[in-house]
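What follows is a single structure, written as structure tokens, with notes after it.
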Amino acid sequence: MAKHDKDATFVGDSRVPAKRIPNVAPSYSDFPGKSEPFWPNFLLKEWMVAAVGLVGFLVLTVSHESPLTAKANPNDTSFVPLPDWYFLFLYQLLKYPWAAGDWVVLGTVIIPGIAFGALFLAPWLDAGKERRPIRRPVASGLMLLSLVSLFYLTWAAMDEHNRNHPSQAGGGSHGAAPAPAPAEEADPGFTAEDIWTAQQSCIGCHGGNMEGGMGPNLQKIGEKYSAEELAEIIKNGKPPGMPGGLITDEQTIKELTEYMASLK
């Protein structure tokens with residue numbers, strides 16, 4: 001049986017490199033001005049920017065006084081609470097009839113749930129590679145609508161509150177009612193301001209308008225105590241927090257208790 005020689009021909013594959021190159025990142029010196037190492041160059045710049053921002057924030061907190069209002073007073077029924085600024089848009093949203101009352105679930109659960117759910121699912125809802133906003137009308141439109149809604153609702157809530165409650169605008173006292181005018185039985189030579197504001201030891205606890213503070217509200221104290229009972233409390237104190245002997249002049253005690261007894 002005859003034998004036939006067979007030649008084997010090897011064909012090279014261009015997809016397989018003949019020279020294997022190790023997977024090592026190139027040197028940064030090969031790209032002058034175009035790249036830099038993460039440590040310490042890039043990280044140091046980030047820290048410097050963060051430090052400048054932190055110092056600026058601290059300067060603002062020290063130089064700008066916090067807009068604190070009067071102390072909380074459970075006896076002041078004229079005060080209308082207002083949520084912090086970052087919740088004002090939800091506060092205003094719940095004022096509209098389609099998001100309040102029988103539809104309150106729509107304003108408290110459904111609308112915020114859709115908004116935050118869309119924010120969470122944004123990477124999957126818009127997976128396009130285009131980065132120009134004009135080429136992504138749906139995503140850009142939703143973002144603009146959200147920003148306009150947030151800014152408008154926040155402004156509307158604050159504007160309406162300031163118009164309806166001007167006494168609370170600008171960080172004033174919590175709508176404290178002015179001290180009532182003295183009754184006819186009080187000494188006509190004294191006014192409410194003369195009688196009460198002269199007693200600095202009383203104002204420290206009960207407030208300049210008798211609205212209360214560390215001590216109770218005294219604007220209607222005459223409904224509870226007579227002038228004689230009030231004089232006894234001023235002289236001897238009343239547990240747990242009212243000390244006695246803060247006013248020693250008998251004439252001052254008489255004028256003050258008569259005025260306070262008339263506040264009903």
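What follows draws every value from the coordinates through simple rules; no lab data is involved. From a predicted model like this one, the values you see are computed outputs, not experimental measurements. Backbone-built Cβ (ideal geometry, glycine too); neighbour counts: all protein chains shown.
At-a-glance table
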{"quantity": "Spatial separation of Cα centroids for the range 150-166 and the range 55-119, in angstrom", "calculated": "11 Å"}
{"quantity": "Cβ-derived FRET efficiency at R0 22 Å, Leu60 paired with Leu119, nearest 0.05", "calculated": "0.20"}
{"quantity": "Cross-link pairs Lys95/Lys264; Lys238/Lys264; Lys71/Lys220 - those with Cα-Cα distance over 26 Å", "calculated": "Lys95/Lys264"}
{"quantity": "Ranking of Ser262, Ser27, Ser35 by count of other Cβ atoms within 10 Å, fewest first", "calculated": "Ser27, Ser35, Ser262"}
{"quantity": "Rounded to whole Hz, the Karplus (6.51, -1.76, 1.60) HN-Hα couplings of the range 44-59, x for glycine and proline", "calculated": "5, 4, 4, 5, 5, 5, 5, 5, 4, x, 5, 5, x, 5, 5, 4"}
{"quantity": "Mean projected area in nm² (Cα convex hull; one quarter of hull surface) for the range 85-168", "calculated": "6.9 nm²"}
